[in-house]
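Below is one structure; the comments refer to it alone.
The values are calculated or read from the model by the stated rules, or taken from the named source; none is laboratory data. All values derive from a computational prediction rather than experimental measurement. Note that we place each Cβ from the backbone using ideal geometry, even for glycine, and neighbour counts take in every protein chain shown.
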Amino acid sequence: MTDKDVKQSYERSAQRMRGDQKTFAASLTDQDYNDPNLHQDIHERVKIDYNKMDKMPNMEEVHKWQRDHIAKDDQSKEGYPLNVIIDPAMREMYQVVHDAGMTNVFDRFSQQQPTQCKFCIEGLSCQLCANGPCRISARTPRGVCGVDAHTMVARNFVYRHVTIGTSANIFHCHQAARTLKAAGENPESGLRIRDLEKLKKYADMAGLNVNQPIDKLAVEFAQWVMDDIHLPHHIESKSVETFAPTRRKKLWRELDLFPGGGYSEVAYAQTRCMTNFTSDPVDFLLNSVRLGIANEYQGLFLLDIIQEILMGTQEIQMKQQNMGLLKENMVNVITNGHMPLLAHVAIDLASTDEWQEKAKKAGAEGIQILGHVCEGQQLINYEGMHNQKAYGGQEGEWLSQEYLLATGVVDLFMFDYNCTVPTMPIFAKRFGTKLLSTHPVIKLQGTETLDFIPEKMSQQAEKALDMAIEAFITRKSQNRQTYIPPHVSDCMVGFSTESVKKALGGSFDPLIEQIANGNIRGIATIVGCTTARYGQGGSNIFKITKGLIENNILVLSGGCTSAVMEYTGLTNPKAAEECGEGLKAVCQQLGIPPVLSYGACVDIGKMTHTAKELADALDVDTNKLPLVIGAPEYLEQKAVADACTAVALGWLVHIAPVPSITGSDLVVKTLTETTETLGLGKVVVEMDAEKTIQIYVDHIEEKRKELGLN
């Protein structure tokens, strides 16, 4: 059989499966793919004009416009996407990219309408076996195998969302533990142990000997974490036993939700999702809660602890955010993703006189490294990064990365572990940016990838910085046209359990007193991503948060939501003026903003820790706290796993847009009602900002009533 015969066999098979003569793929051209080698003519084809855009005013006027914008409630599809983009830098750069005809995230959302599958939106489609894809409707109430709507929706929820999100967070923790172990074993790696006391504290809780040399203790604690992650699913997790709230552990055992090793839990859950295995929808949903517990204590919580050991615990400071931090005559490095493990070594290295001089010899004023997405939110918060010469600040949310490269001044875009979009090679080719993956878990077409070797991070950081300087030299030699949006936000960052307690004088008692007397009615965490959908794009996050602080509810942010809070001015202490009278008085007294940025989406683990300590101080279970968890613009699987964590801890969780569960009234009822009767939390789905605010307020007031805080 010739190659031509093989190709024709695929074409014939595809036609037979589809029932017509031509596949969709046959209509695509080279321009529809992300391989940069297919875009050799991109500089001739894509003409950039930085002069045609409508530019935004100064930040003071921007903040006034943002508030007027959400008050008008004009975030519909009319005028999309400029009526949902509230980041001033992104608004400008979107116009540049759109007018040039380049693919970009907001235009792609428009192009997907109205073809987005309604069956998939409801969770009523399945592609698990070769008899499919199957879709359930009134005409076809079961899949070919016999699966009904309840099972299909619940199984999709576990398989497509919770297992992937949980494994991603546990994988991150595992990589952090590998890095901590390398810091202890290999002094030449460039890694440092910055928070010795934190290492001792948590190693002691794990039952390790804290009197041994610090390097050996780091190795032993890291190994303890990795061993726990690798336990079989039927052996109880030591980290959950060590760090979870006592009352919750009792309930989880009663409900058979106490997890074993995280990797094994994911494997067990995915095995159950196979065709013709489990068909009990409620059991699937309870399995999701069990995964949520592993997600927290073998994922988020421990990776936060380990990264702080390596990079320094969060410290409250004023810092800056947005594209105006880029400098035309600097070597500009962007580090993107969620694991700032190589990035912080690169910042250490780039801050030395040696590397600053290398940049100057190349014709630059120096070299700076700026964080982007959640990696940037972590770097801006860590005490160990704050005063480094090469650290330049935080750039933006995940939606902005294509527009960021379109400035033409990003010399190196290094990335790891999710939220790097597949179109980056096209943008890099057009705007002269070097791309470097720093972990083989993420590979883009035509892009160099480093293996993840913590023991060699110093060498890898040198390679990255050399690439950046070479790209700067090329940029200057080609005299390319560039544009840097001038917008920069001043924001207070660095909030965590430790830093908040320290600011309160070493105890949560002052915060509890303000909650008890009603100045602070309760706490809402606004966390997760931003989405490109109509009515969202950051505006939904902003509108909800504004309503909450006006109702005297203190807000904690984490993830791309933190970027929204920063570019709208809500993480600036001046925002106290926008609060209800009680919260306003507290913020002004303490000199803090009404939104406390905890950093990245993975820093939800720190919020959980804060909530646990508040519950301990009040001597109540975590489900009794006047607390709401909100993900008003959730995007991907980790957010769903995090929601399952919140349900396990007994909290009300608000999610928008609506996850793919509406195809089963049983699944909806279980997540929104039944779980609460078991002592767990529950899920609320609501797209309307005003209704969402009222849901938060009502729930917090109900919890205050239960605690006797009328």
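With the requirement that a residue be without any contact (Cβ under 8 Å) to a residue 40 or more places away in the chain and more than 15 Å from Q377 (Cβ to Cβ), what does the range 543-575 give you? Quick ask: steps written out before the conclusion?
We begin by selecting, within the range 543-575, every residue without any contact (Cβ under 8 Å) to a residue 40 or more places away in the chain; these are 550, 552, 570, 574-575.
Correct list: E550, N552, K574, A575.
Inside the range 636-651, can you point out the residues that are out of contact with any Phe, Trp or Tyr (no Cβ under 8 Å at 6 or more places or on another chain) and either within 23 Å of K249 (Cβ to Cβ) or in the same structural domain as F301 (by TED's automatic domain parsing) (or both)? Walk me through it before giving the result.
Of all residues in the range 636-651, those out of contact with any Phe, Trp or Tyr (no Cβ under 8 Å at 6 or more places or on another chain) come to 636-639, 641-642, 644-647, 649-651.
A641, D642, C644, T645, A646, V647, L649, G650, W651 - these are the residues of the range 636-651 that are out of contact with any Phe, Trp or Tyr (no Cβ under 8 Å at 6 or more places or on another chain) and either within 23 Å of K249 (Cβ to Cβ) or in the same structural domain as F301 (by TED's automatic domain parsing) (or both).
In the range 228-244, how many are within 24 Å of T675 (Cα to Cα), surrounded by fewer than 19 Cβ atoms within 10 Å (Cβ to Cβ) and in contact (Cβ under 8 Å) with a residue 24 or more places away in the chain?
2
Identify, by number, the condition in (1) part of a helix (DSSP H, G or I); (2) touching a residue at least 40 places away in the same chain (Cβ under 8 Å) that P593 doesn't meet.
Tallying (1) part of a helix (DSSP H, G or I); (2) touching a residue at least 40 places away in the same chain (Cβ under 8 Å), P593 fails exactly one: (1).
Look through D215, D195, D227, D204 and report the one residue that is among the acidic types (D, E) and closer than 16 Å to G299 by Cβ.
Working: D215 fails: closer than 16 Å to G299 by Cβ; D195 fails: closer than 16 Å to G299 by Cβ; D204 fails: closer than 16 Å to G299 by Cβ.
Being among the acidic types (D, E) and closer than 16 Å to G299 by Cβ holds for just one of D215, D195, D227, D204, which is D227.
Taking the range 300-324, which residues are outside any helix (DSSP H, G or I) and crowded, with 24+ Cβ neighbours inside 10 Å?
We begin by selecting, within the range 300-324, every residue outside any helix (DSSP H, G or I); these are 312-322.
T313, Q314, Q321, N322 - these are the residues of the range 300-324 that are outside any helix (DSSP H, G or I) and crowded, with 24+ Cβ neighbours inside 10 Å.
Scan the range 133-186 for residues that are touching a helix residue (DSSP H, G or I) at 6+ places or on another chain (Cβ under 8 Å) and either small (G, A, S) or assigned to a loop (DSSP other than H, G, I, E, B) (or both) and report the count.
Qualifying residue count for the region: 15.
State whether the residues of the range 419-436 include one that is at pLDDT below 95, over 20 Å from Q40 (Cβ atoms) and crowded, with 21+ Cβ neighbours inside 10 Å. So that I can check it myself, show each step before the final result.
To start, the set of residues in the range 419-436 that are at pLDDT below 95 comprises 419.
Narrowing further to those that are over 20 Å from Q40 (Cβ atoms): 419.
Filter once more, so that each one left must be crowded, with 21+ Cβ neighbours inside 10 Å: 419.
Checking the range 419-436: at least one residue is at pLDDT below 95, over 20 Å from Q40 (Cβ atoms) and crowded, with 21+ Cβ neighbours inside 10 Å.
Just to verify a result, which residue in the range 366-421, among those that are part of a loop (DSSP other than H, G, I, E, B) and polar (S, T, N, Q), is farthest from G605 (Cα to Cα)? Spell out how you get there, then give the answer.
We begin by selecting, within the range 366-421, every residue part of a loop (DSSP other than H, G, I, E, B); these are 366, 380-381, 383-390, 395-397, 406-411, 416-421.
Now restrict to residues that are polar (S, T, N, Q): 381, 387-388, 407, 418, 420.
On the way: N381: 15, N387: 25, Q388: 26, T407: 34, N418: 18, T420: 22 Å.
So, considering only residues that are part of a loop (DSSP other than H, G, I, E, B) and polar (S, T, N, Q), the one farthest from G605 (Cα to Cα) is T407.
Which condition does Y50 not pass, out of (1) of a type in the set (F, W, Y); (2) more than 27 Å from the chain's Cα centre (by Cα); (3) under 30 Å from S664 (Cβ atoms), if it passes all the others?
(3)
Take the range 666-694 and flag every residue that is touching a residue at least 60 places away in the same chain (Cβ under 8 Å) and either of a type in the set (D, E, K, R) or touching an Asp or Glu at 6+ places or on another chain (Cβ under 7 Å) (or both). Before you say what the answer is, go through the steps one by one.
The first filter runs over the range 666-694 and keeps only residues touching a residue at least 60 places away in the same chain (Cβ under 8 Å), leaving 666-667, 670-671, 674-675, 678-680, 687, 689-690, 692-693.
E690, T692, listed by residue number.
Within the range 490-513, is there a residue that is of a type in the set (K, R), assigned to a helix (DSSP H, G or I) and closer than 19 Å to A611 by Cα?
There is at least one residue in the range 490-513 that is of a type in the set (K, R), assigned to a helix (DSSP H, G or I) and closer than 19 Å to A611 by Cα.
Can you pull out the residues in the range 688-707 that are within 26 Å of L124 (Cβ to Cβ) and buried (at least 16 other Cβ atoms within 10 Å of the Cβ)?
Filtering the range 688-707 down to residues within 26 Å of L124 (Cβ to Cβ) leaves 688, 691-692.
Result: T692, single match.
Looking only at the range 19-51, filter to residues that are surrounded by 10 or more Cβ atoms within 10 Å (Cβ to Cβ) and hydroxyl-bearing (S, T, Y); which one of those is nearest to G432 (Cα to Cα)?
Y50
Of all residues in the range 259-282, which are over 16 Å from I170 (Cβ atoms) and free of Cβ contacts under 8 Å to residues at least 40 places away in the same chain? Give the derivation first.
At the first step, the residues of the range 259-282 found to be over 16 Å from I170 (Cβ atoms) are 271-282.
Matches in the range 259-282: T271, F277.
Please count how many residues of the range 472-516 are in the same structural domain as Q588 (by TED's automatic domain parsing), of a type in the set (A, V, I, L, M) and over 31 Å from the mean Cα position of the chain (by Cα).
Within the range 472-516, residues that are in the same structural domain as Q588 (by TED's automatic domain parsing), of a type in the set (A, V, I, L, M) and over 31 Å from the mean Cα position of the chain (by Cα) number 1.
Can you tell me which of (1) in contact with a strand residue (DSSP E or B) (Cβ under 9 Å, 6 or more places away or on another chain); (2) closer than 28 Å to N322 by Cβ; (3) surrounded by fewer than 24 Cβ atoms within 10 Å (Cβ to Cβ) is the one Q514 doesn't meet?
For Q514, the failing item is (2).
Identify, by number, the condition in (1) among the basic types (K, R); (2) closer than 24 Å to A461 by Cα; (3) assigned to a helix (DSSP H, G or I) that K327 doesn't meet.
Condition (3) is where K327 drops out.
Could you check Y483 against (1) among the aromatic types (F, W, Y); (2) in contact with a Leu (Cβ under 8 Å, 6 or more places away or on another chain); (3) part of a loop (DSSP other than H, G, I, E, B) and say which number it fails?
(2)
When you scan the range 450-457, do you find a residue that is loosely packed, with under 15 Cβ neighbours inside 10 Å and in a helix (DSSP H, G or I), even just one?
Within the range 450-457 (the criterion being loosely packed, with under 15 Cβ neighbours inside 10 Å and in a helix (DSSP H, G or I)), the answer is no, since none of the residues qualifies.
Do we find that E254 is among the acidic types (D, E), touching a Phe, Trp or Tyr at 6+ places or on another chain (Cβ under 7 Å) and more than 28 Å from P454 (Cβ to Cβ) in this structure?
No: the conditions fail for E254.
Return yes or no: is A218 on the phi < 0 side of the Ramachandran plot, touching an Asp or Glu at 6+ places or on another chain (Cβ under 8 Å) and in contact (Cβ under 8 Å) with a residue 12 or more places away in the chain?
Values: on the phi < 0 side of the Ramachandran plot: yes; touching an Asp or Glu at 6+ places or on another chain (Cβ under 8 Å): no; in contact (Cβ under 8 Å) with a residue 12 or more places away in the chain: yes.
Criteria not met by A218.
Could you check the range 603-701 for strands (runs of 3 or more DSSP E) lying wholly inside it with 2 or more residues that are of a type in the set (G, A, S)?
Because the criterion is at least 2 residues that are of a type in the set (G, A, S), the strands (runs of 3 or more DSSP E) in the range 603-701 that meet it are 627-631.
Only one of these is in contact (Cβ under 8 Å) with a residue 60 or more places away in the chain and either closer than 22 Å to W398 by Cβ or in contact with a Gly (Cβ under 6 Å, 6 or more places away or on another chain) (or both): V46, V62. Name it. If you could, list the steps in order and put the result at the bottom.
On the way: V46 fails: either closer than 22 Å to W398 by Cβ or in contact with a Gly (Cβ under 6 Å, 6 or more places away or on another chain) (or both).
Selected residue: V62, the only one of V46, V62 that is in contact (Cβ under 8 Å) with a residue 60 or more places away in the chain and either closer than 22 Å to W398 by Cβ or in contact with a Gly (Cβ under 6 Å, 6 or more places away or on another chain) (or both).
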